Ligand SMILES: Nc1nc2c(c(=O)[nH]1)N[C@@H](CN(C=O)c1ccc(C(=O)N[C@@H](CCC(=O)O)C(=O)O)cc1)CN2
C-alpha cells in the first residue's frame with residue numbers, strides 16, 4: 001500500500017512555481033494575488049493566512065482584504081471591482097464559505113474570469129467542460145489529479161466514483177477524470193445515491209468529497225483500489241493540542257490496508273490546494289502580461 005504524500009508533491013509543485021516566478025521577476029513582472037475574507041471564521045482565517053504567507057515565501061505580491069461578517073453584498077462587490085481594475089493583481093479569490101447573507105454565485109460572477117484563480121466563474125467552468133486549457137480549474141481537484149499522476153496511477157480506462165457533487169470539488173473532479181487527459185469512466189455519487197457501498201466497490205478510484213468524517217468505510221472499497229480523501233473535518237478531541245483533530249471523509253485505519261494507494265488527512269490533498277492556487281496565479285499573470 002502506497003501512502004500518497006501530499007506535502008512532498010506540493011513542495012515539488014511549489015519549486016516549479018518558484019522557478020516561474022523568478023523568471024517573471026527577472027523580466028520585471030511580479031505575480032500578485034488578492035485574497036478576500038468576509039467574517040472571522042477561524043478555519044477560513046487559517047487558510048487565508050496560509051495563502052498570503054505562501055505568496056511571501058515565493059516572492060509574490062499579495063493583498064489580504066478582510067471585511068467584517070456583516071459587510072454588505074455591495075461592499076464586497078465594490079472590493080472585487082477595485083481588484084479587477086488593479087494591474088498589480090493577477091489573481092482574485094473570495095474565501096469560501098462566506099457568511100450566509102452573501103450571494104456567493106453573484107460574487108463569483110463579478111470576478112474578472114481572467115483573474116478567477118479559483119476557477120469558479122461560469123466562463124472557467126465552461127472551459128473545463130470544453131477542455132479548453134486556457135481556463136482556470138479549481139485548485140483542490142487540480143491537486144488531486146496531480147497527486148494521481150505523481151503516484152503513477154493509470155486513470156485511462158479506470159472506473160472512478162466521485163462522492164460529492166459540489167462546484168468546488170465533486171463536479172470539476174468528475175470532469176477532470178473523464179477528460180481526454182485522464183480518460184476514466186466516471187460516476188458521480190451523492191446523498192441520494194442508492195447502494196453507495198456497492199457502487200463504490202466497483203471503483204478502481206474513489207474520490208471522497210462529501211464532507212462527512214470517516215464516511216467511507218472498508219465495505220466501500222475493493223482490494224487494490226486507489227482512494228483520494230478530500231475531506232477536511234474538524235472533530236472535537238480534548239486530548240488534541242488545538243481541542244480538535246482534522247479527519248478526512250475516509251475511515252483511514254480500516255480502508256488503507258485494502259488500498260493500492262491512499263491519501264492521508266492531514267498531509268494529502270490539503271497541501272495541494274494552496275500549491276495549485278500559486279500555480280494558477282502564475283498562469284493568470286502570464287496570460288495577462290503575455291510573458
Ligand atoms: N475560495 C476558496 N475557498 C475554499 C477553498 C478554495 O480552494 N477556494 N478550499 C477550502 C479551504 N482551503 C483553501 O482555501 C484549504 C483547506 C485545507 C488546506 C490544508 O492544507 N489542510 C491541511 C490541514 C490543515 C489543518 O490542520 O488545519 C491538510 O489537509 O493537510 C489548505 C487549504 C475551502 N474553502
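Listed values, structure above:
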item	result
The range 16-175: C-alpha gyration tensor shape, a/c 1.5 cut-off, then a/b vs b/c	oblate
Hull shadow area, averaged, the range 139-270 [alpha-carbon convex hull, nm²]	7.8
Angle between the chain longest axis and helix 42-58 axis [Cα atoms, degrees, rounded to 10]	70
Shape parameters for the range 121-176, alpha-carbon atoms, Rg then Dmax in Å	11.4, 32
Nearest-0.05 FRET efficiency for residue 241 and residue 131, computed from C-beta distance (R0 41 Å)	0.40
Residues of the range 200-217 with amide N under 17 Å of a point placed 7 Å along Cα→Cβ from residue 260	200-208
Relative contact order (%) - criterion: Cα under 8 Å, at least six apart; region: the range 28-112	41
The chain: relative contact order as a whole-number percent, Cα under 8 Å and 6+ apart	22
Beta bridges per DSSP with both ends in the chain, % antiparallel, nearest 5	10
Sites residue 8 and residue 154 - FRET efficiency at Förster radius 22 Å, r taken between beta-carbons, to 0.05	0.60
Rg/Rh (Cα only; Kirkwood hydrodynamic radius) as it applies to the chain	0.97
Most fluctuating residue given options 70, 237, 116, as computed from a GNM of the chain linking Cα atoms under 10 Å	237
Angle in degrees between helix 269-289 and the longest Cα principal axis of the chain, rounded to the nearest 10	40
Most mobile of 143, 19, 211 in a GNM of the chain (Cα contacts under 10 Å)	19
Sequence ranges 34-44, 226-236, ranked by mean other-Cβ count within 10 angstrom, highest first	226-236, 34-44
Contact order relative to length of the range 139-270, as percent, for alpha carbon pairs under 8 angstrom and 6 or more apart	22
Spin-label pair residue 109/residue 183, simplified geometry with 7 Å Cα→Cβ offset, distance in nm	4.0
At R0 = 45 Å, FRET efficiency that the Cβ-Cβ distance of residue 49 and residue 23 yields, to 0.05	0.95
Estimated 222 nm signal from helices in the chain, with DSSP H stretches of n ≥ 4 weighted -39500 (n - 2.57), rounded to 500	-12500 deg cm²/dmol
Nearest-ten-degree value, helix 73-84 long axis tilted from longest Cα axis of the chain	70
Dimensionless Rg/Rh of the range 28-112 - Kirkwood Rh, Rg from C-alpha atoms	0.96
Choice from 258, 212, 192 showing the highest fluctuation, given a GNM over the chain with Cα pairs closer than 10 Å	192
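Every read-out reported here was derived from the displayed coordinates using simple, explicitly stated rules and does not represent laboratory data. A quick note: this is a predicted structure, and the numbers were derived from the prediction, not measured. Using ideal geometry, Cβ is built from the backbone for each residue, glycine included, and neighbour counts are taken over all protein chains shown.
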